[in-house]
Amino acid sequence: GVSVSKVTDPIVLFGSAGLSFGNSMGGLNQAQGSRILTSFSPGQTLSTSFGFAYSLNYDVSMSASYQQSISTNARYTFLQNEDGKLSQVTFNSPTQLSSLLNYTLSLRTSPKRVVNVSVGFGLSEDTPDVNLGLSMPLEFLGLAQE
């Protein structure tokens with residue numbers, strides 16, 4: 001993958017793209033109902049994202065981003081028992097498209113802490129309709145360096 005960003009104060013533009021490949025697995029012996037999974041071959045995934053962040057002042061910033069990923073079909077191979085005979089059956093999963101439009105508000109609550117509140121809207125059938133998020137740093141006593 002690759003990520004890029006460009007700062008033009010008070011705006012930051014960012015984007016990324018990635019391609020992932022999975023390893024095929026053979027020699028499996030996993031019961032799946034009346035069938036036995038013997039091998040699995042994941043598809044490839046292409047992902048992209050881009051957006052911008054805008055700083056309103058030193059304590060408040062907003063960002064908007066778009067994320068999309070396309071996963072090609074994975075292949076599952078099963079052994080199944082039909083009328084006393086074992087046969088090999090292969091299934092291909094459909095290609096999946098996931099896309100999300102996300103908005104985030106970042107608030108500096110102290111010199112060392114920023115709280116992020118986000119809402120995302122799914123734009124495809126393979127994406128949840130709405131995503132809500134809240135993130136903030138946690139500090140564990142004894143682990144922080146002073």
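So in segment 32-51, with the set limited to residues that are assigned to a loop (DSSP other than H, G, I, E, B) and either open to solvent by 70 Å² or more (accessible area, probe 1.4 Å) or of a type in the set (G, A, S) (or both), which one is farthest from L97 (Cα to Cα)?
The selected residue is S34.
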Looking across segment 122-142 at residues that are within 11 Å of L101 (Cα to Cα), open to solvent by less than 70 Å² (accessible area, probe 1.4 Å) and assigned to a loop (DSSP other than H, G, I, E, B), the single one that is modelled with the highest pLDDT is S124
Here the residues within segment 52-83 that are of a type outside the set (A, V, I, L, M, F, W, C), in contact (Cβ under 8 Å) with a residue 12 or more places away in the chain and outside any strand (DSSP E or B) are Y58, D59, T72, N73
Taking segment 108-121 and the residues there that are modelled with pLDDT of 95 or more and open to solvent by 60 Å² or more (accessible area, probe 1.4 Å), the one that is farthest from the chain's Cα centre (by Cα) would be V117
Those residues of segment 15-31 which are open to solvent by less than 80 Å² (accessible area, probe 1.4 Å) and of a type in the set (A, V, I, L, M, F, W, C) amount to A17, L28, A31
Of (1) open to solvent by 50 Å² or more (accessible area, probe 1.4 Å); (2) at pLDDT 90 or above, S93 fails just (1)
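Using the structure shown, decide if Q44 is within 17 Å of the chain's Cα centre (by Cα), without any contact (Cβ under 8 Å) to a residue 40 or more places away in the chain and closer than 23 Å to L132 by Cα.
It is false that Q44 is within 17 Å of the chain's Cα centre (by Cα), without any contact (Cβ under 8 Å) to a residue 40 or more places away in the chain and closer than 23 Å to L132 by Cα.
The values are calculated or read from the model by the stated rules, or taken from the named source; none is laboratory data. Values in this document were obtained by computation on a predicted structure and should not be read as measured data. For neighbour counting, all protein chains shown are included, and Cβ atoms are generated from backbone atoms with ideal geometry for every residue, glycine included. Note: accessible area is taken over every heavy atom of the protein model, side chains too, but ligands, DNA and RNA are not part of it. Shrake-Rupley method; radii C 1.70, N 1.55, O 1.52, S 1.80 Å.
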